[in-house]
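The values are calculated or read from the model by the stated rules, or taken from the named source; none is laboratory data. As the structure is a prediction and not an experimental result, all values here were calculated from the model. No Cβ is skipped: glycine too gets one built from the backbone with ideal geometry, and neighbour counts run over all protein chains shown. These area figures cover heavy atoms from the full protein model, side chains too; ligands, DNA and RNA do not enter into them. Shrake-Rupley method; radii C 1.70, N 1.55, O 1.52, S 1.80 Å.
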Amino acid sequence: MAGQGRPPHLKGEDESNIIILSSYHEGADPKSILLNGVVGDGLSNATLLNINGYIEFSCSEEITLWACGGYYSDSGGNSGTGKVFIQKKQNDGNFVNLKESNCPLNATVWLDMTGKISAGTYRIATSTSRYPVFSEFFAQKMIVNKSFILHDGEYKKVSQRKDYSVFYNGTSSRMRTTKVHKYNVVTLETWVKPYTFSSTNQDIMSNVENGGHSIGLLNGIPYARFYINGAYRVCYGDMLPLNIWSHLATTFDGNIIKLYVNGTKVSELAYSGTVGSTSAIFSLGANPAATSGYIEYFNGELKDSRIWSVARTELQISKNMFQLSDIDSVSDNLMAWYPQSENTGTVCKDKSQYVSDGTYYNTSFMIEYFPKKILTVSNSLPNYIQFSEEGMDNLAPLFDRELTRLDPLPMTDKSENLDVGETGKVFTKIIDLKKYIDTRSIRIEVR
């Protein structure tokens, strides 16, 4: 790996999020390579465009797209050319050229591919050009983050949390654990971002083979599948969106199969019995059928997959789907917990107390953006220019943020101040006004 996935001169700049929708390419899949946060060496781990090739992507805000790439001429004497076209999709579905960009020969450099572009769908496309090669994209956010606030004596900004997830290619990717993980009372849950739907099963968490249990997708519809009393009993939900994160969970308590989407129960199936035995090793991203080998592959990203030996309640699922509480993270009933936040290697860490690490096969690591959180900037007084340029101009960032910990506020019991006959409790908290207002501007008049 030659370096991290951003232009050196943009260190500290805010990064935006783009979605690669489709491509006509050679070499590595752009969905797994161009947004993984790592620049490849030369032509290794790179996407190549030949004649009439393209990479189609979308953005939801103003960005400048930088690409680490170049072009080359092959050993067979075919001459490469570095010209590519930046195209924007119109309302009628056609793409029109916005500008031309030229990649250097036999070099890997960061290039401003698009200039400043607005929200929409675009293509980086060739026509008669050969062999432009890209190993990484960086979407520079062009809209100023106007969320600068004074909070609890510190100056803070609201920012997105960047983390890793794992991409499963739908044909050969999977994560294999070391255990069967078959339970008669069970909860399976995971975050899922599907890239494509299939008319055949796509198992996401599975150990089924004439036994066991799984959750997956069929034509984009989530299902919970349990082998009970000699046959599969399947509970279905409603279609998930493509290219968007959703949380899936299923529970079985020995009597009812329940399916949850984003923390809310969407369906249930009453069926009593025990889950049939299976020899298939529990896996993510595919059905690990022990006899035939892996089948029913999933295409998309997964993150934070958990296996419980208890039927969790709807409240427990909804409260913990973003982040496990400290108590739950060490629960004896949490049999396996795979955050899938690695960015290199083949080991999938199990963060449960049982520490049963799994192994990745043919997967890729992705950079993803998750709910916003507040970042502390400083506790020193900024100047008026910083407030005018970065100060909050709307409340939206505050309503889309992540609460990871709520600390109790210590107070002093002053119940002795109650008058005779009054009941209850009185608590006080001394507040330092200088943390919230400029006390230098307070004028006290005594008359």
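Checked against the criterion of being modelled with pLDDT under 85, touching a Ser or Thr at 6+ places or on another chain (Cβ under 9 Å) and either of a type in the set (A, V, I, L, M, F, W, C) or more than 24 Å from Ser364 (Cβ to Cβ) (or both), the candidates Ser127, Ser101 yield just one match: Ser101.
Got a sec? Which of Asp328, Asp350, Asp332, Asp304 is of a type outside the set (S, T, N, Q), part of a loop (DSSP other than H, G, I, E, B) and in contact with a strand residue (DSSP E or B) (Cβ under 7 Å, 6 or more places away or on another chain)? Talk me through it step by step, then tell me what you get.
Values: Asp328 fails: part of a loop (DSSP other than H, G, I, E, B); Asp332 fails: in contact with a strand residue (DSSP E or B) (Cβ under 7 Å, 6 or more places away or on another chain); Asp304 fails: part of a loop (DSSP other than H, G, I, E, B).
On inspection, the qualifying residue turns out to be Asp350.
Within the range 114-153, the set of residues being touching a Lys or Arg at 6+ places or on another chain (Cβ under 6 Å), aromatic (Phe, Trp, Tyr) and more than 23 Å from Gln90 (Cα to Cα) comprises Phe138, Phe148. The set of residues in the range 248-295 that are open to solvent by less than 20 Å² (accessible area, probe 1.4 Å) and farther than 26 Å from Gly358 by Cβ contains only Gly254. Within the range 296-327, the residues that satisfy the criterion of being of a type in the set (Asp, Glu) and open to solvent by 30 Å² or more (accessible area, probe 1.4 Å) are Glu296, Glu314, Asp326.
Quick one: count up the residues across the range 202-241 that are in contact (Cβ under 8 Å) with a residue 60 or more places away in the chain and in a loop (DSSP other than H, G, I, E, B). Residues flagged as in contact (Cβ under 8 Å) with a residue 60 or more places away in the chain and in a loop (DSSP other than H, G, I, E, B) within the range 202-241 amount to 6. Scanning the range 185-199 for residues that are within 22 Å of Ile244 (Cβ to Cβ) and touching a residue at least 40 places away in the same chain (Cβ under 8 Å) gives Leu188, Glu189, Thr190, Trp191, Val192, Lys193, Pro194, Tyr195, Thr196, Phe197, Ser198.
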